[in-house]
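Okay, structure first, notes after.
The values are calculated or read from the model by the stated rules, or taken from the named source; none is laboratory data. Everything numeric in this text was worked out from a predicted model, so none of it was measured. FYI the Cβ positions are ideal-geometry reconstructions off the backbone, even for glycines, and counts take in every protein chain you see. All accessible areas refer to the heavy atoms of the entire protein, side chains included, with ligands and DNA or RNA removed. Shrake-Rupley method; radii C 1.70, N 1.55, O 1.52, S 1.80 Å.
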Amino acid sequence: MQTTTVVTQAESTATATATAATTATAAPDRIRISFIGGGNMASALIGGLVGKVCQGSDIHVVDLSVAGLEQLHTRFGVSTSSQIDQHIASSDVVLLAVKPQQLREVAAQLAVHLQGQLVISIAAGIRSIDLSRWLNGYGNIVRTMPNTPALINQGITGMYAMPQVSAAQRAMADAVMCAVGSTVWLDEEALIDPLTAVSGSGPAYVFYFIEAMQKAALEMGLSAEQGTKLALATFTGASQLAAQASEPISVLRERVTSKGGTTFAALTSMEQSGIGASIVTALKAASDRSRELGDEFGQS
């Protein structure tokens with residue numbers, strides 16, 4: 001089930017559990033969207049939006065790849081162009097889905113077409129204040145950080161709205177990103193960096209652990225196929241169990257861990273190797289790098 005969560009700075013330091021909240025203003029029945037960039041994440045969003053939030057005819061995509069545009073038109077019935085054009089003026093939302101290194105140049109081309117539309121950015125590392133500056137002071141901006149499970153409508157997206165964004169525009173932004181999963185709204189943009197470390201980069205940590213489980217399975221005599229099937233099913237099942245359980249994650253772990261048993265032996269080995277502490281250190285490194293990238297991309 002898709003959900004919306006709001007996180008404040010105080011909550012982030014006091015507890016790891018965010019407070020669920022719904023968007024106060026409902027999104028309109030029809031949203032017209034222009035995508036600047038038509039890559040994998042844009043394609044996933046379009047796939048989630050069509051038939052749920054809008055129709056293919058309500059979506060316009062700008063990209064330099066002729067083949068990519070043809071594919072999007074064939075799959076979803078969207079209109080396309082190779083450059084930013086008059087479609088922007090008739091859009092409710094302009095979604096920026098280009099690489100961070102390209103965003104400043106794109107913003108220079110886009111600025112003259114903006115007349116109150118909501119701008120949603122999924123470009124990693126680009127702070128809203130810098131994007132606003134590149135758009136000549138434009139303030140109707142929502143910065144987001146989705147993750148790759150959005151490709152199968154199982155993503156989670158961090159969201160931050162600049163003060164100028166209206167309640168109706170927040171609702172539109174939420175509807176757009178909920179088309180591919182759930183959302184977490186942040187009251188402070190600085191929290192995008194730790195959120196990036198946890199969920200934006202998070203799928204890679206899961207894949208890393210699955211790879212280690214596959215390797216261990218092989219070394220202990222299981223086949224590659226068996227190791228992969230066991231690791232994937234275990235991660236999927238445990239994640240679903242945790243999502244549906246009312247108890248804390250620590251309680252679920254304790255229930256599987258009988259003192260002196262196999263799980264106890266594995267977890268004791270991990271603790272002695274400092275794996276838990278290393279994971280915390282790794283996520284802090286990711287958060288620090290996210291902040292550094294924001295500094296680098298935002299330089300004039």
inquiry  = Rounding to the nearest 10 and keeping the result within 0 to 90°, find how far the Cα-based axis of helix 275-298 lies from the longest principal axis of the chain.
reply    = 20 degrees
task = May I ask you to rank Ser79, Ser258 by accessible area, largest first, using a 1.4 Å probe over the protein chains only?
result = Ser258, Ser79
Carbon + sulfur, % of accessible area of segment 59-166 - ligands and nucleic acids excluded, 1.4 Å = 52 percent
task = Would you mind working out the magnitude of the charge dipole of the chain relative to its Cα centre, with +1 at each Lys and Arg C-beta and -1 at each Asp and Glu C-beta, to the nearest 20 Debye?
result = 320 debye
query = Can you run phi through the Karplus equation (6.51, -1.76, 1.60; θ = phi - 60°) for segment 118-130 and list ³J(HN,Hα) in whole Hz, with x for Gly and Pro?
reply = 7, 10, 10, 10, 10, 6, 5, x, 8, 6, 5, 5, 6
remark   = Under the helix-only model (-39500 (n - 2.57) for each DSSP H run of 4 or more, divided by the residues of the chain), the mean residue ellipticity at 222 nm, to 500 deg cm²/dmol, is -15000 deg cm²/dmol
The chain: angle of helix 100-110 to the longest principal axis, Cα-based, in degrees nearest 10 = 20 degrees
task = Report the calculated FRET efficiency for Asp85 and Ala285 (r = Cβ-Cβ distance, R0 = 30 Å), to the nearest 0.05.
result = 0.10
ask   = Of all DSSP beta bridges located in the chain, what percent are antiparallel, nearest 5?
value = 20 percent
query = Among Gln109, Gln214, Gln226, which one shows the biggest mean-square fluctuation in a GNM of the chain, springs joining Cα atoms closer than 10 Å?
reply = Gln226
remark   = Length gained if Ser278 through Val112 is fully extended, taking 0.36 nm per residue and subtracting the Cα-Cα distance, is 55.0 nm
inquiry  = Between (i) 1.10; (ii) 0.96; (iii) 1.01, which entry matches Cα Rg over 2.2 N^0.38 Å as derived from the coordinates of this structure?
reply    = (i)
request  = Enumerate the amide H contacts of Val184 below 5 Å, restricted to partners 5 or more residues apart or on another chain; note that Pro and chain-start residues carry no placed amide H.
outcome  = Thr5, Thr157, Gly158, Met159
query = Angle, helix 40-49 long axis vs. longest principal axis of the chain, Cα atoms, 0 to 90°, nearest 10?
reply = 80 degrees
query = For segment 219-300, what is the accessible area per residue in Å², given a 1.4 Å probe and the full set of protein chains?
reply = 75 Å²
message = Going Cα to Cα from Lys229, which aspartates and glutamates come in below 18 Å? Please leave out same-chain ones fewer than 8 positions away.
response = Glu211, Glu219
key: Low-density loop positions, trypsin sites (Lys or Arg not before Pro), segment 191-300 - DSSP coil, at most 10 other Cβ in 10 Å   = Lys259
query = How big is the charge dipole of segment 186-300 about its Cα centre, in debye rounded to the nearest 20, if each Lys and Arg gets +1 on its Cβ and each Asp and Glu gets -1 on its Cβ?
reply = 640 debye
task = May I ask you to give the percent of accessible area on segment 186-280 that is carbon plus sulfur, with a probe radius of 1.4 Å?
result = 63 percent
Most mobile listed residue (Pro146, Pro163, Pro100) in the chain, GNM with C-alpha springs under 10 Å = Pro163
ask   = Tell me, what HN-Hα J-couplings in whole Hz come from the Karplus equation 6.51 cos²θ - 1.76 cosθ + 1.60 at θ = phi - 60° for each residue of segment 63-73, using x for Gly and Pro?
value = 7, 7, 7, 5, 5, x, 5, 4, 5, 5, 5
note = Dipole check, segment 66-215, charges on Cβ (K,R +1; D,E -1), about Cα centroid: among Thr196, Val184, Gly158 the Cα furthest to the positive pole belongs to Thr196
ask   = Comparing Val142, Val251, Val94, which has the greatest mean-square fluctuation in the GNM of the chain with Cα pairs linked when under 10 Å apart?
value = Val251
